[in-house]
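The values are calculated or read from the model by the stated rules, or taken from the named source; none is laboratory data. All values reported here derive from a predicted model rather than from experimental measurement. Note that each Cβ is placed from the backbone with ideal geometry, even for glycine, and that neighbours are counted across all protein chains shown.
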Amino acid sequence: MPSLKRVQIDHARLGKTFYRSPTTPDMQRDPELAAARHDQIIAAIADHDPETAGEIMRGHMEISRRRMTEYIAPAGLDVPLQL
């Protein structure tokens, strides 16, 4: 239980940091996609299907990795320079 509680705290912290102000359509979709993946992971575990659960989890982690990368190194702005 202590480990689960710690994971929940870290998960909530990541969500508040990386999804606080969605600025792009994919940032707005990601929380819904993540929630759907949670349900799919739980269903795969209930079905005793570790391969599927692992595959879905890896995709789920990719959302977080992408969001963290965008947070650390956001896309540049196309600003015209005038001389």
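The table that follows gives values for the structure above.
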read-out	value
Ile56 vs. criteria at pLDDT below 85, of a type in the set (A, V, I, L, M) and surrounded by 10 or more Cβ atoms within 10 Å (Cβ to Cβ)	no
Whichever residue in region 1-27 is among the small types (Gly, Ala, Ser) and surrounded by 10 or more Cβ atoms within 10 Å (Cβ to Cβ) and, among such residues, is modelled with the lowest pLDDT	Gly15
